[in-house]
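A short worksheet on the structure shown next.
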Amino acid sequence: MKTIFTHSALALALLCASAAQAQDAAVCGTLGKLMPQVKKGFPDFKGKMRTDELWQATYLMPGAESCNIWLVEDEQKYEGGKYYQYSCSFDASDKKTAVEMVAELSSGIEACMPEMKRSMVGTTIFLQAPQGKIQITTRPSSYEIDFRVD
């Protein structure tokens, strides 16, 4: 009986590791397409225009409920005042799931983009690379996770 349990536990551990690697690969694949688009305004990701400042994204981050491209105006942040932002929403059922989702997403990003510098302020993780910045924010009251790239 002990041998069967040990084999089952090993199989489960390998299955979990395999799922995590698949998630990391999916995140890396998406970032590989997304990050070169940052300074161009994400033209290959713009789908249906919803307003003058909002497009539905044609490609979702793995696990995201929805993704959009926003035209943001901010004179203090960028010279010229305008930039584009890729933004996705993830919904979690509870705090534990939200924390796990953020951990998986950030570890997946760091696995394929180790050059990114990581910092954290409150419930927001910032990942900075030469081609752009990634921001992951958890909203504790609603268990919603915002993922942004600009």
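Since every read-out is calculated from the coordinates, none of them should be taken as a lab result. Given the structure is predicted, the values throughout are model-derived calculations rather than measurements. Ideal geometry is used to build each Cβ from the backbone, glycine not excepted, and the neighbour counts take in all protein chains shown.
Taking every Cα-Cα distance in region 87-137 and sorting them into 10 Å bins starting at zero, the pair-distance distribution P(r) comes out as 23, 56, 19, 1 percent. Its Cα centre serving as origin, region 41-150 has a Cβ charge dipole (Lys and Arg +1, Asp and Glu -1) of approximately 100 debye. Ranked by the mean number of other Cβ atoms within 10 Å of their residues, highest first, the peptides 47-59, 99-111 come out as 99-111, 47-59. Among residues other than residue 145 with Cβ under 11 Å from its Cβ, the summed charge is -4 (Lys and Arg +1, Asp and Glu -1). Distance between the C-alpha centres of region 89-105 and region 118-149: 12 Å, rounded to the whole angstrom. Between residue 97 and residue 33, the C-beta separation translates, for a Förster distance of 25 Å, into a calculated FRET efficiency of about 0.40.
For region 37-106, the convex hull spanned by the alpha carbon atoms encloses 118 Å³ per residue.
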